[in-house]
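Read the structure below first, then the notes.
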Amino acid sequence: GAPWAAETVMVLRDIALAELTGAHVHIAHVSARQSVAAVRRAKERGLSVTAEAAPHHFCLCDADITGRDADFKMNPPLRAAEDRRALQEGLADGTIDAVASDHAPHAPGKKALGLGAAPVGIIGLETSLALVLTVLVGRKMLDRRRAIGLMSTAPARILGLKGKGSLRPGSDADVTVIAPEVRWTVPGRFLSKSRNSPFTGMRLQGRARATVVGGRIVHAL
């Protein structure tokens, strides 16, 4: 396994190096409550630190793992319910700046090897928005504006992408059209060629209806 300390000690190291050099550090895929606390303390001290979390880490915990289903095998691994709650609180209070899908497709044959031999990672592009809307917004942890900002404005700001993450005049015409009230069940097959998702069969609310890139519709349901 990969215990929380293996993650948090590296988070603390990188924060210390950022403090030493004056550089910015971005912490990807935070999964442990101790890491959330480290990022929160760094921000309180005025250090240039940002962080992200993935939907599977703030929606699931180790108690959700069923049998030896390798669709629950990811890096970092699923942790305790207390860690999941800390991630939700970190997203709500601004400690965690963004949500990242951590989309990692693998062929069904690879995932069928079981928890021990299967590669780590799950697909997340087609469920990440709905999980944010269902778990974080649906349970009143965030409002919709804050939730959408975690997946658009904040990533653009962190990466310094001018013209992205905004609907202001002059911005790139990259838009996702969302139906926030639509309820749907996560299917066993996806637009992705892979189907390694632990959320298959889950009932979710909210779905992307169309994707516009550069003013051109590239996908629509």
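Scaled to the globular estimate 2.2 N^0.38 Å, the Cα spread of segment 41-103, given as radius of gyration, is 1.24.
Surface composition of segment 82-219: carbon and sulfur atoms hold 55% of the protein heavy-atom accessible area at a 1.4 Å probe. Rounded to whole numbers, the Karplus 3J(HN,Hα) couplings from phi for segment 55-61 are x, 5, 7, 9, 10, 10, 9 Hz, using 6.51 cos²θ - 1.76 cosθ + 1.60 with θ = phi - 60°, and x at Gly and Pro. Distant-in-sequence amide contacts of Gly165, defined by a placed amide H-H separation under 5 Å and a gap of 5 or more residues or a different chain, comprise nothing. For segment 156-169, putting each phi into the Karplus relation 6.51 cos²θ - 1.76 cosθ + 1.60 with θ = phi - 60° gives couplings of 4, 5, 4, 8, x, 8, 6, x, 10, x, 8, 9, 5, x Hz, in residue order, rounded to whole numbers and with x for Gly and Pro. With springs only between Cα atoms under 10 Å apart, run a GNM on the chain and tell me which of His24, His106, His56 wobbles the most. Looking only at His24, His106, His56, the biggest GNM fluctuation is shown by His24.
Looking at segment 1-104, the accessible area is 44 square angstrom per residue; that uses a 1.4 Å probe and ignores ligands, DNA and RNA. Does segment 107-153 classify as rounded, prolate or oblate by the C-alpha gyration tensor (a ≥ b ≥ c root eigenvalues; a/c under 1.5 gives rounded; else a/b over b/c gives prolate, otherwise oblate)? It is prolate, given that a/c is not under 1.5 and a/b is the larger ratio. Put simply, the chain fits an ellipsoid with semi-axes of 26, 25, 16 Å; these come from the alpha carbon gyration tensor as the roots of five times its eigenvalues, largest first.
Taking a ≥ b ≥ c as the square roots of the eigenvalues of the alpha-carbon gyration tensor, segment 13-133 is classed prolate because a/c is 1.5 or more and a/b outweighs b/c. Which one, Val39, Met10, Val218, is farthest towards the positive end of the dipole of the chain when Lys and Arg carry +1 and Asp and Glu -1 on their Cβ? The listed residue farthest towards the positive side: Val218.
Taking a ≥ b ≥ c as the square roots of the eigenvalues of the Cα gyration tensor, segment 127-217 is classed as prolate, since a/c reaches at least 1.5 and a/b is larger than b/c.
When the listed pairs Lys73/Lys193; Lys140/Lys164; Lys164/Lys193; Lys43/Lys162; Lys43/Lys164; Lys43/Lys140 are checked against a 30 Å cut-off, every alpha-carbon distance falls at or below it.
Of the residues Val99, Gly121, Phe199, the one whose Cα sits farthest toward the positive end of the charge dipole of the chain, with +1 on the Cβ of Lys and Arg and -1 on the Cβ of Asp and Glu, is Phe199. When trypsin sites (Lys or Arg not before Pro) are flagged only if DSSP places them in a loop and at most 13 other Cβ atoms lie within 10 Å, the longest unflagged stretch of the chain comes out as 69-138.
The values are calculated or read from the model by the stated rules, or taken from the named source; none is laboratory data. Being a predicted model, the structure only gives us computed values, none of them experimental. Don't worry about glycine lacking a Cβ; one is built from the backbone with ideal geometry, like all the others, and counts go over all protein chains shown. To get the accessible areas, we keep the full protein, side chains included, count just its heavy atoms, and leave off ligands, DNA and RNA. Shrake-Rupley method; radii C 1.70, N 1.55, O 1.52, S 1.80 Å.
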